[in-house]
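Below you'll find the structure, written out as structure tokens, and then a few comments.
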Amino acid sequence: MTEKKLFSAEQSSPAKPYPFLSGDTAALEGLISVLRTTKLGSELLNDAAEAGVTITTAKLNGAHGSYREDGKIVTMDLSGSADRQIVTLAHELRHAQQFKNGVQLNAFTDVPKDYLHSQGLIEADANAASCVVAWDLKQQGNSKPMEEFAKEHPEIATPFLQAAEKGGVETGQAPKEAFFGWFNNMYIRNAYERNYLRNFECLKRNASFAERKTALQREVPVTENAAKVCKLNGQSYVSEQEVKEFFDRPEMTSVTENTFWAIYRNLRDVKDFGFLCDAKEVMKKEGNYTIRESSDFYEVKRPLLQRQLGAAAKISEYRKKSLNDSKLKAVVAAKRKGALEK
């Protein structure tokens, strides 16, 4: 039985200037011209222009790019290679398209489990879309964007490429593999959990009294957002049943210890559970949360190891400097002694 194709061999639309640029516009125009040579890239740019999304440049702290829905702004950090920036631009424009298509995501109002699941969903989908763009460029003879992305995220790119080589881009299997691959990187998942907690606190500080009454109560099942997000060429590349089964797995409600207790405190304060309630029973009832065992490695051991290596390097450098200073002092002392003897 032949599989239904999700992608056609249509040519990308003719090149045209993007209407909303600021910052280093010359560099952005260069990226956009490359992105427009791909079918999905052209679609993302057209949708962003229709929605009035501004693309700008700035120095970002530890990120290649970002998208702000409240201002409809894609920000690109141009400090990396242009090949990597192409993938980033596709990723951020995919976020703009997700919100244009009606995805619901609010760290303050949403039930924590729903938010965390949908946050992962839109990130996984944006990476899957980036892979499709990079694959299209690879088929044109430009393999650098895919290579750059694969070096940084093999857990996403490797399964995508394995499926793509077997025709999986056309059938939707390749983006599906990339989508699920995103969740295998615990370091990234931990980072997005921290991002969620920061977003909640920021929105909480600025919330009115009436808005505070709606905190952590809106239910947005991840399947609803998946139906709006996980599409390419107008067709879903992952089914509602696959999404439901995947996010129903116990590991998908596991969080770091810090996230676990932060969510509990937020729920306790909003729903007035009191201080005598059993925290683990509350967390089981509210989202079947468990503490991820690997959190110690990613939250504590990795930073500790980095600090230890940094300290060791500084000690080594100091010892070398001290040794060189001692040798210099010995040479100077010897010369002075020789001069006095003469």
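The numbers here are math on the coordinates, done by the rules we state, and not lab data. Remember, it's a predicted structure, so these values are computed and weren't measured experimentally. Every residue, glycine among them, receives a Cβ derived from its backbone with ideal geometry; neighbour counts consider all protein chains shown.
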Which entries of Lys166/Lys231; Lys244/Lys285; Lys59/Lys138; Lys231/Lys284 have Cα-Cα distances beyond 23 Å here? Lys59/Lys138; Lys231/Lys284
Sort Ser81, Ser130, Ser143 so that the residue with the fewest other Cβ atoms within 10 Å of its own Cβ comes first and the one with the most comes last. Ser81, Ser143, Ser130
Amide hydrogen neighbours beyond the local backbone of Ser254, cut-off 5 Å, H modeled: Thr290
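Just list whichever of Lys113/Lys228; Lys16/Lys176; Lys16/Lys100 have alpha carbons separated by over 28 Å in the model shown. Provide the component values of the computation, followed by the final result.
Values: Lys113/Lys228 19 Å; Lys16/Lys176 31 Å; Lys16/Lys100 21 Å.
Over 28 Å apart, Cα to Cα: Lys16/Lys176.
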The stretch 181-235: trypsin sites (Lys or Arg not before Pro) in DSSP coil with no more than 10 other Cβ atoms inside 10 Å: Lys213
Which distance in nm do the two modelled labels at Phe20 and Ser81 give, with both placed 7 Å along the Cα-to-Cβ direction? 3.1 nm
What distance in nm separates the simple spin-label points at Arg218 and Glu29, each placed 7 Å from Cα in the Cβ direction? 3.9 nm
In sequence order, calculated HN-Hα J values of the stretch 111-128 (Karplus, 6.51, -1.76, 1.60; Hz; x Gly/Pro): 3, x, 4, 4, 5, 4, 5, 6, 4, x, 4, 6, 6, 4, 5, 5, 6, 4
Just want the ordering: Leu232, Leu45, from fewest to most Cβ atoms lying within 10 Å of their own Cβ. Leu232, Leu45
Going fewest to most other Cβ atoms within 10 Å around each Cβ, Trp135, Trp182, Trp261 line up as Trp261, Trp182, Trp135
Would you calculate the separation in nanometres between label points at Phe275 and Lys151, each defined as 7 Å from the Cα along the Cα-to-beta-carbon direction? 5.4 nm
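Sorted by average packing, counted as other Cβ atoms within 10 angstrom per residue and highest first, what order do 60-71, 115-126 take? Let's see the in-between values first.
Working: 60-71: 13.4, 115-126: 23.5.
Going from most to least packed, we get 115-126, 60-71.
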